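Undergrad: Let me begin by handing over the structure; questions about it come next.
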Amino acid sequence: MRMHCEKLWTDARLLTLAGDGLGIVEKGVLAATGGRILYAGPASEAPTFDADHVVRCDGRWITPGLIDCHTHLVHAGDRAHEFELRLSGASYEEIARAGGGIVSSMKATREADEATLVTTALPRLDALMAEGVTTIEIKSGYGLTLDDELKMLRAARRLARERHIRVSTTLLGAHALPPEYASDSDGYIDLVCDQMIPRAAEQGLADAVDVFCEGIGFNLAQAARIFEAAKVAGLPVKMHAEQLSNLNGAQLAADAGALSADHLEHLDDAGVAAMARAGTVATLLPGAYYFMRDNHLPPIDALRAAGVPMALATDCNPGTSPLTSLLLTMNMGATLFRLTVAECLAAVTRNAARALGLEAELGSLDPGKSCDLAIWDIERPAELVYRMGFNPLHARIWKGL
Ligand code: DI6
Ligand code: FE
């Protein structure tokens, strides 16, 4: 059989991530047309392609483009000074009570205009892209007024026009209580539900809605109201759940059909079971665990045993995870959380796509999916997880280009 294709990568080793495993193909080819994968598999079983353009890979490995499915990439300022304070003994809570923490990033973000938010986010985005990231999720959550949250989301959308990358945006209006609502958290939730969610949806600025369900964030009843408003607006939901304590947020999220529940250090068995039933992805964020010197591990064995799909993401944010390397995130997932190499690789491809509701489009080298690829100068897949601070990316392809 002869078949035309625009682009053909030959002499490649593939990690297709199709199905359940890594999908290793030792002598592979990958064909694409119109930005979509036509074929990815053994050269011996491939049709004979008439390609407009052939790229020889000399045995390099091709994986799906990496997906960072949980970031707060758009924000102004940094918290390096608070890091210094923590090094001399102050706690995250003390710093927050003294007007630092999320509120200090909120002030800087409110003061910044949209263009400044874009300019300051670009170096972080470039760092991720340099390691083969082709899709990124970006949350709002440092504006905490209607206008400032929409401004953050517009900045996130603009990043997608500045660079060759797909951006999935999430409204996280319920990230923290802004000082002007200090004694009226339900009043703030009214603002999120009655204004932020409907406006963001109408303007096409949000692909999902998130809530920080935590003692220092919002309670279960408030999270439930956010989910209800998101449903009315036709937006999928996710949750920052059980990071510092167990509020049974993941169960609420799973029962609401959430795409993912994220962090999960304090998740219990009932939460695991609810997530397994609902097919909610567990998005693990080892960068925050590391940077906060947390020592309460998420229940990895229970998640694995229950078959809950696990994703890994940077959680890139100025306060608890100033991390812009998805490769290092995989290393932390393995070293700190004891994920296997195969689990780490699925966690930044197939399962990360699912955490964004984009599994039909992304996350594996299946025919029909977007031709988003990372081509690596490595001898074996484990090298992508094993090294720390080394980038073996040879080429990055987004939508076939
Ligand atoms: N959980 C976190 O760890 C971050 N946000 C969240 O919901 C904290 C963000 C910050 O400190 O700026
Ligand atoms: Fe986060």
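The values are calculated or read from the model by the stated rules, or taken from the named source; none is laboratory data. In this text the structure is predicted, and so the values were computed from the model without any measurement. In this analysis, Cβ positions are derived from the backbone assuming ideal geometry, glycine residues included, and neighbour counts consider all displayed protein chains. Ligands, DNA and RNA are excluded from the accessible area calculation, which covers all protein heavy atoms including side chains. Shrake-Rupley method; radii C 1.70, N 1.55, O 1.52, S 1.80 Å.
Undergrad: Could you say which residue among ARG36, ARG56 is basic (Lys, Arg), surrounded by fewer than 20 Cβ atoms within 10 Å (Cβ to Cβ) and within 17 Å of PRO367 (Cα to Cα)?
TA: ARG36
Undergrad: Any idea which residue in region 65-95 is least open to solvent (accessible area, probe 1.4 Å), counting only those that are near ligand 1 (Cβ under 10 Å from one of its atoms), in contact with an Asp or Glu (Cβ under 9 Å, 6 or more places away or on another chain) and assigned to a helix (DSSP H, G or I)?
TA: So the residue we want is ILE95.
Undergrad: Next question, about the same structure. Please work out which one of (1) closer than 27 Å to GLY257 by Cα; (2) of a type in the set (D, E, K, R); (3) within 16 Å of ligand 2 (Cβ to nearest atom); (4) under 19 Å from the mean Cα position of the chain (by Cα) is the condition ARG124 fails and give its number.
TA: All conditions are met except number (1).
Undergrad: OK, next. Please pick out the residue among ALA360, ALA334 that is in a helix (DSSP H, G or I) and hydrophobic (A, V, I, L, M, F, W, C).
TA: ALA334
Undergrad: Scanning for something more than 20 Å from the chain's Cα centre (by Cα), of a type outside the set (Lys, Arg), open to solvent by less than 10 Å² (accessible area, probe 1.4 Å) and within 26 Å of MET330 (Cβ to Cβ), does region 251-271 turn up at least one residue?
TA: Yes, region 251-271 contains a residue that is more than 20 Å from the chain's Cα centre (by Cα), of a type outside the set (Lys, Arg), open to solvent by less than 10 Å² (accessible area, probe 1.4 Å) and within 26 Å of MET330 (Cβ to Cβ).
Undergrad: Run ALA127 past the list (1) under 17 Å from CYS316 (Cβ atoms); (2) buried (at least 21 other Cβ atoms within 10 Å of the Cβ) and report the number of the one that doesn't hold.
TA: Failing condition for ALA127: (2).
Undergrad: In addition: Hey, among the residues in region 133-153 that are away from ligand 2 (no atom under 16 Å from the Cβ) and touching an Asp or Glu at 6+ places or on another chain (Cβ under 9 Å), which one's nearest to GLN203 (Cα to Cα)?
TA: Ranking the qualifying residues of region 133-153, first place goes to LYS151.
Undergrad: Now, a different point. Which of the residues belonging to region 360-371 are in contact with a strand residue (DSSP E or B) (Cβ under 8 Å, 6 or more places away or on another chain) and over 15 Å from VAL55 (Cα atoms)?
TA: Within region 360-371, GLU361, LEU362, GLY363, SER364, LEU365, ASP366, PRO367, GLY368, LYS369, SER370 qualify.
Undergrad: Related question: Report yes if some residue within region 71-88 is closer than 30 Å to ALA32 by Cα and either aliphatic (A, V, I, L, M) or under 24 Å from the mean Cα position of the chain (by Cα) (or both); otherwise report no.
TA: Yes, region 71-88 has at least one match.
Undergrad: Could you check PRO179 against (1) open to solvent by 10 Å² or more (accessible area, probe 1.4 Å); (2) away from ligand 1 (no atom under 16 Å from the Cβ) and say which number it fails?
TA: Only one criterion in (1) open to solvent by 10 Å² or more (accessible area, probe 1.4 Å); (2) away from ligand 1 (no atom under 16 Å from the Cβ) is unmet by PRO179, namely (2).
Undergrad: I need the full set of residues from region 285-299 which are surrounded by 20 or more Cβ atoms within 10 Å (Cβ to Cβ) and more than 16 Å from ligand 2 (Cβ to nearest atom), in order please.
TA: Selection gives PRO299 alone.
Undergrad: Separate question: In region 3-48, how many are over 30 Å from the mean Cα position of the chain (by Cα), over 27 Å from GLU379 (Cβ atoms) and part of a strand (DSSP E or B)?
TA: Total satisfying the criteria: 5.
Undergrad: Could you tell me whether ALA155 is more than 19 Å from PRO198 (Cα to Cα), of a type in the set (Gly, Ala, Ser) and either surrounded by fewer than 20 Cβ atoms within 10 Å (Cβ to Cβ) or away from ligand 1 (no atom under 13 Å from the Cβ) (or both)?
TA: So ALA155 does not fit the description; no.
Undergrad: Considering only region 223-239, I want to know if a residue exists there that is open to solvent by less than 10 Å² (accessible area, probe 1.4 Å), basic (Lys, Arg) and over 21 Å from ARG338 (Cβ atoms).
TA: Yes: one or more hits.
Undergrad: So, in region 314-327, of the ones that are under 26 Å from LEU85 (Cα atoms) and more than 7 Å from ligand 1 (Cβ to nearest atom), which residue ends up most open to solvent (accessible area, probe 1.4 Å)?
TA: PRO322
Undergrad: Let me ask something additional. Which one of THR324, THR329, THR320 is closer than 30 Å to ALA108 by Cα and within 12 Å of ligand 2 (Cβ to nearest atom)?
TA: THR320
Undergrad: Quick one: in region 103-124, which of the residues that are touching a residue at least 60 places away in the same chain (Cβ under 8 Å) and either in contact with a helix residue (DSSP H, G or I) (Cβ under 6 Å, 6 or more places away or on another chain) or open to solvent by less than 30 Å² (accessible area, probe 1.4 Å) (or both) is nearest to HIS81 (Cα to Cα)?
TA: Here the answer is SER105.
Undergrad: Which residues, taken from region 363-401, are outside any strand (DSSP E or B) and of a type in the set (A, V, I, L, M)?
TA: Scanning region 363-401 gives LEU365, ILE378, ALA382, LEU384, VAL385, MET388, LEU401.
Undergrad: Would you be able to say whether some residue in region 130-147 is over 18 Å from the mean Cα position of the chain (by Cα), in contact (Cβ under 8 Å) with a residue 12 or more places away in the chain and farther than 17 Å from PRO318 by Cβ?
TA: Checked region 130-147: at least one residue is over 18 Å from the mean Cα position of the chain (by Cα), in contact (Cβ under 8 Å) with a residue 12 or more places away in the chain and farther than 17 Å from PRO318 by Cβ.
Undergrad: Also, quick follow-up: Residues of region 215-235 being more than 14 Å from LEU171 (Cα to Cα), modelled with pLDDT of 95 or more and within 22 Å of the chain's Cα centre (by Cα), which ones?
TA: PHE218
Undergrad: Separate question: If we keep just the residues of region 278-303 that are part of a helix (DSSP H, G or I) and in contact with a helix residue (DSSP H, G or I) (Cβ under 7 Å, 6 or more places away or on another chain), which is nearest to ALA334 (Cα to Cα)?
TA: My answer is PRO286.
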